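Heads up: the structure comes next, in structure tokens.
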Amino acid sequence: MTRKALWLSATSAFLAVFTLGAHAENRVVNVFNWSDYIDSSIIDDFTKETGIKVVYDTFDSNEILETKLLAGGSGYDVVVPSGNFLARQIQAGVFQKLDKSKLPNISNMWDTVMERTAKYDPGNEYSINYMWGTVGIGYNIKKVQAALGTDKIDSWDVFFNPESLAKLKDCGVYVLDSPADIIPAALKYLGLDPNSTSPDEIAKAEETLLKVRPYIRKFHSSEYINALANGDICLAVGWSGDVFQGRNRADEAKQGVEIGYSVPKEGAQMWFDQMAIPADAPHVAEAHEFLNYMMKPEVIAKSSNYVLYANGNKASQQFIDKAILEDPAIYPDAATLQKLYTVSPYDPKTQRIITRTWTKIVTGQ
Ligand code: N2P
């Protein structure tokens, strides 16, 4: 070897090692998940274990996530839409199929949940369940008792009946800013199909919501956690685990605020939030490592123990706090399951009606 050739090969060897090293240090995964939805120590542990840095952003609305995904080039590697939104996003070509050979921990998943999520993602080819829960009523037990003379809330009537909600106006009512959660609940209350696409029936739901509109202080999908915990509001139509987080924050603050959660007897929506990889994700290998890590039983159990939602990982159940596993409002028993319904994605025409209807409800016109 000439001196020059030797020098060149030494340089390229050095460059190769250097580049590999730099690459390992620079490994990144960009995650876009719901707010109040993880124990942040999980992110730190993932980075410690894999060397992959996590850039973690949050949202509180499927519509916001969908707008980013449909625009393309979001830069996200892992996103977590709810099943009804995921289904139409798969149709729109927004996601890539998962490489199951990179996801050995999938064997920990729970067939009962996978059967349900297959409704949105046939064969579960594009997504993995993160958490699932219900839409129900969170409330301040003492304030509701004072306003209504009872602290037993077991019906949507407390919310959809204007006479009842009027009594809660002053202590404060928040509602999810989420048409696909609230309109089906109104339809169910009216004894109609929560999945109705009939414009007449959707108009009835609108009318029902407009009647209680004057008594709603705010439409927002994450502020109710603290608002309940601080005693700033007495009722929120919200997501189960978020209400329970509000209850725990209230307990920790020791100001005497007591929070309850009701799965109304007329029926409540059961939803599934699914982890998926966008088709144009910049870090596909890292995304798979992240998903595989999240399917470790101890890891996802830690998340459920913190966010107070059930997850779709069967093997994690041995690590879940007993009080959570045995709470039928989190892990529903047969009687609770009976009351739960799921929703289907809206077709484009119905979606336009729903969007228009929701604007009217939120603006109160
Ligand atoms: C997390 C709420 C997620 C539930 N804070 C809605 N899919």
Problem set entry | Lysine pairs meeting the criterion (Cα under 25 Å, 8 or more apart or interchain), as found in region 118-191 | 12
Seminar exercise, completed: Contact order relative to length for region 200-352, counting C-alpha pairs under 8 Å separated by 6 or more residues, stands in percent at 20
Exercise. So how long is each side of region 154-224 along the principal axes, counting just the alpha-carbon atoms, biggest first, in Å?
Worked result: 35, 26, 22
Problem set entry | Sequence ranges 254-262, 78-86, 237-245, ranked by mean other-Cβ count within 10 angstrom, highest first | 237-245, 78-86, 254-262
For this session: Would you calculate the separation in nanometres between label points at residue 335 and residue 63, each defined as 7 Å from the Cα along the Cα-to-beta-carbon direction?
Result: 3.8
Problem set entry | Carbon and sulfur %, accessible surface of the chain computed with the full protein complex present, 1.4 Å | 53
Exercise. What does the charge dipole of region 172-307 about its Cα centre add up to, to the nearest 20 debye, if the Cβ of each Lys and Arg holds +1 and the Cβ of each Asp and Glu holds -1?
Worked result: 480
Seminar exercise, completed: So for R0 = 30 Å, FRET eff. of residue 322-residue 106 from the Cβ-Cβ r, to 0.05, ends up at 0.70
Problem set entry | Residue-count net charge about residue 79 - beta-carbon cut-off 11 Å; Lys, Arg +1, Asp, Glu -1 | -3
Exercise. Once you list every other residue whose beta carbon is under 11 Å from the beta carbon of residue 291, what net charge do they have if Lys and Arg are +1 and Asp and Glu are -1?
Worked result: -1
Seminar exercise, completed: Extension length gain for residue 45 and residue 363 (0.36 nm per residue less Cα distance), in nm, is 110.1 nm
Exercise. Between region 77-128 and region 264-310, what's the alpha-carbon centroid distance in Å?
Worked result: 10
Exercise. On alpha-carbon atoms, Rg over Rh for the chain using Kirkwood Rh?
Worked result: 1.05
Problem set entry | Within the chain, helix-based [θ] at 222 nm, where runs of 4 or more DSSP H residues each add -39,500 (n - 2.57), nearest 500 | -14000 deg cm²/dmol
Problem set entry | Global geometry of region 273-365, whether rounded, prolate or oblate, following the gyration tensor of its Cα atoms and the 1.5 cut on a/c | oblate
Exercise. Rounded to the nearest 0.05, what FRET efficiency is calculated for residue 265 and residue 352 with R0 set to 25 Å and r the Cβ-Cβ distance?
Worked result: 0.15
For this session: State in Å² the accessible area per residue of the chain; use a 1.4 Å probe, count heavy atoms of protein chains only, and round to the nearest integer.
Result: 44
For this session: Work out the FRET efficiency for residue 170 and residue 211 from their Cβ-Cβ distance, taking R0 = 30 Å, and round it to the nearest 0.05.
Result: 0.95
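The values are calculated or read from the model by the stated rules, or taken from the named source; none is laboratory data. None of the values given here were measured: they were computed from a predicted structure. Quick reminder, even Gly has a Cβ in these numbers, built from the backbone with ideal geometry, and neighbours come from all protein chains shown. The accessibility values were calculated without ligands, DNA or RNA, using every heavy atom of the protein model including side chains. Shrake-Rupley method; radii C 1.70, N 1.55, O 1.52, S 1.80 Å.
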